[in-house]
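Student: This is the structure I want to talk about, given as structure tokens.
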Amino acid sequence: MKTPKEILLAKHQAAQPKLDEVRREIVADLARSTPVPVIPFVLKLWRELILPRPRAWATVAALWVVIAGLKISTPGGSHVVAQKSLTAPEVLAEVRQQKRLFTELVGVVKPQVATPTKAVPPQPRSDRRARIPIG
Amino acid sequence: MLVVAEREQLPVAAARAGSPAAWDALFQRYQLPLYAYVFELIRHEQTALDVVQETFISAARHLASLRDDDRFGSWLFSIAHRKCVDHWRKSGREEPLEPEIAAALPDELSDPSEVLIQREQEAEFMKLIEQLPPPQRSVLLLHFVEDFSLEEIAGITGAQLGTVKSRMHYAKLALRKMMEENVR
């Protein structure tokens with residue numbers, strides 16, 4: 001005794017090799033046409049650059065964290081620099097004052113006073129010609 | 001006692017993800033029942049093989065349109081059925097699977113596995129299948145080959161549920177008659 005399904009499938013069993021061939025061809029085509037998954041650029045970068053050297057990147061990251069922490073912990077750091085640059089002429093004056101005091105104390109080097117150049121009175125044109133060397 | 005048929009686990013999700021191995025398993029599972037169904041409708045070996053091939057290619061292209069993975073089998077047979085109808089249309093034959101007017105019939109449907117055919121009746125059974133009008137043949141084959149429910153058969157053939165019940169009723173009457181005559 002057989003079920004109708006068993007009878008039907010047994011009748012067409014001879015077609016099995018041809019069906020296998022059809023199936024293999026289609027599956028082979030499917031395997032060829034299956035698109036290679038496109039890895040996003042960021043993921044590719046992560047895999048090729050970050051993953052092979054985890055320690056190095058962890059150190060760099062830690063350094064940046066320390067730098068960022070320091071920057072946050074010093075409020076108005078950039079303002080201080082700006083203020084200092086604004087008072088630069090005062091600092092220079094102070095430095096000059098200190099230098100003067102030092103030279104006075106040591107007494108080795110006298111402060112040089114610039115002597116004004118002697119004013120030469122204008123001479124007649126004929127005199128100037130006489131000075132021109134000839135020969 | 002209520003018996004719930006356990007659905008077989010098919011790698012439909014993997015096939016949707018593009019796994020060739022999953023497609024191979026699915027095609028291997030359905031190739032022979034599908035061919036048997038198509039051949040019994042078309043009655044031409046090479047055409048039946050072509051229809052099976054086209055059905056598989058179409059399934060691979062349009063799997064995204066399948067919403068319920070559990071219905072993969074009936075979805076695959078519906079593709080094959082449409083291709084058979086297309087074949088008839090192209091060959092210029094009269095549409096053999098046109099809808100019939102549904103008759104008011106009882107909707108009892110015995111389990112296909114409950115129908116047992118004796119060895120000496122096998123040839124008669126196949127002869128009966130061949131002699132049935134294509135609409136009834138289609139319904140009976142789908143019921144026997146894959147144990148599809150009436151609703152699934154209606155979905156596959158694109159016919160109304162009442163029409164499917166009517167076709168099934170007449171097909172089973174013919175089958176019963178054959179078996180009774182053999183007993184005598």
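The values are calculated or read from the model by the stated rules, or taken from the named source; none is laboratory data. Keep in mind that this is a model prediction, so the values were computed, not measured. A quick note on method: Cβ atoms are made from the backbone with ideal geometry, for glycine too, and the neighbour counts reach across all protein chains shown.
So that you can scan it fast, the table gives a plain yes or no per residue for (1) of a type in the set (A, V, I, L, M); (2) under 24 Å from B:Arg167 (Cα atoms); (3) modelled with pLDDT under 90:
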site: B:Tyr30; (1), (2), (3): no, no, no
site: B:Glu40; (1), (2), (3): no, yes, no
site: B:Ser58; (1), (2), (3): no, no, no
site: B:Arg82; (1), (2), (3): no, yes, no
site: B:Lys90; (1), (2), (3): no, no, yes
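Each row is one residue, and each column tells you yes or no for (1) touching a helix residue (DSSP H, G or I) at 6+ places or on another chain (Cβ under 6 Å); (2) modelled with pLDDT of 60 or more; (3) surrounded by fewer than 12 Cβ atoms within 10 Å (Cβ to Cβ); (4) not aliphatic (A, V, I, L, M).
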site: B:Ile101; (1), (2), (3), (4): no, no, yes, no
site: B:Ala104; (1), (2), (3), (4): no, no, yes, no
site: B:Glu114; (1), (2), (3), (4): no, yes, yes, yes
site: B:Gln118; (1), (2), (3), (4): no, yes, no, yes
site: B:Gln131; (1), (2), (3), (4): no, yes, yes, yes
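Student: Okay, moving on. Within segment B:31-48, can one find any residue that is part of a helix (DSSP H, G or I) and either more than 13 Å from chain A (Cβ to nearest Cβ) or over 21 Å from A:Gln16 (Cα atoms) (or both)?
Tutor: no
Student: Next question, about the same structure. Name, by its number, the condition in (1) in contact with a strand residue (DSSP E or B) (Cβ under 6 Å, 6 or more places away or on another chain); (2) at pLDDT below 80 that does not hold for A:Lys2.
Tutor: All conditions pass for A:Lys2, except number (2).
Student: Here is a further query. What single numbered condition from (1) more than 30 Å from B:Val139 (Cβ to Cβ); (2) touching a Phe, Trp or Tyr at 6+ places or on another chain (Cβ under 6 Å); (3) at pLDDT 90 or above fails to hold for A:Glu21?
Tutor: Among (1) more than 30 Å from B:Val139 (Cβ to Cβ); (2) touching a Phe, Trp or Tyr at 6+ places or on another chain (Cβ under 6 Å); (3) at pLDDT 90 or above, the lone unmet condition for A:Glu21 is (2).
Student: For segment B:49-69, which positions are part of a helix (DSSP H, G or I), touching a Phe, Trp or Tyr at 6+ places or on another chain (Cβ under 8 Å) and more than 9 Å from every other protein chain (Cβ to nearest Cβ)?
Tutor: The one that is part of a helix (DSSP H, G or I), touching a Phe, Trp or Tyr at 6+ places or on another chain (Cβ under 8 Å) and more than 9 Å from every other protein chain (Cβ to nearest Cβ): B:Ala59.
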